[in-house]
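The values are calculated or read from the model by the stated rules, or taken from the named source; none is laboratory data. This one's a predicted model, so the numbers in the text were calculated from it and none came from an experiment. All Cβ positions, even for glycine, are placed from backbone atoms using ideal geometry, and neighbour counts span all protein chains on display. Protein only, heavy atoms only, side chains kept; ligands, DNA and RNA dropped before computing areas. Shrake-Rupley method; radii C 1.70, N 1.55, O 1.52, S 1.80 Å.
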Amino acid sequence: MSVTGIIYTELTDDDLLHHLKNDDHLAFTEVFNRYSPLLYGHAYNKLRSESDARDVVQEMLMKLWDKRESIEIGNNLGGYLFIALRNTIFNQIKHKNLVHAYADTFTKANADSGIYADTLIREKQFAAMIEAEIASLPPRMRAVFELRRKENLSNKEVAAQLGITESTAADQMKKALRILRTRIGLILIVVHYLNVK
């Protein structure tokens, strides 16, 4: 219940959406509470990873909040959320497939040419490029990313450790992933073309 006496758990999806478009954080919290368990279950069935499922659900819900004013959902909030989640999952799988394809290129190069030392050097260079991209993130964003990915802390644990809110931790992680996916994707493309030539 808010100071205005609204009982959010009793609102319809349409009413929640109306409040959400008017920057109502409590409406967003109710959307999260109402749908995140179902969304998480769906994501886990597709990804078979608790952390990946948690990340895609959080990323998708943060996009909902970011686009709340312009988003056109019609009268089916649940349907919209599941389609948005499906797209987020596809994007993550596509990104992982790109990374796997890059790793497979190295494996094939080893099998075909036997130049193991050269491959190791390239792998180290690639790892160094990724670390450099992580290091170039803004300090707060980098701290959140490293605590989430390297120490496997939850957003709640990261928030407590850094003295920020849980939603800020989730938002910073989402932004870090978006930046890194773009930058690392470009690195992969460049390295791929260098290897082909």
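On the given criteria, is Asp52 in a helix (DSSP H, G or I), touching a helix residue (DSSP H, G or I) at 6+ places or on another chain (Cβ under 8 Å), surrounded by fewer than 17 Cβ atoms within 10 Å (Cβ to Cβ) and modelled with pLDDT of 80 or more? No; evaluated as a whole, the condition is false for this residue.
So which of Ala109, Ala117 ends up being at pLDDT below 75, among the hydrophobic types (A, V, I, L, M, F, W, C), loosely packed, with under 13 Cβ neighbours inside 10 Å and in a helix (DSSP H, G or I)?
After ruling out the rest, the residue left standing is Ala117.
Reported count of residues in segment 160-175, each being farther than 12 Å from Arg148 by Cβ and among the aliphatic types (A, V, I, L, M), is 2. Listed by first and then second residue, the pairs linking a residue in segment 161-172 that is of a type in the set (S, T, N, Q) to a residue that is open to solvent by 50 Å² or more (accessible area, probe 1.4 Å) and assigned to a helix (DSSP H, G or I), with Cβ atoms under 8 Å apart and 6 or more places separating them unless they lie on different chains, are Gln172/Arg140.
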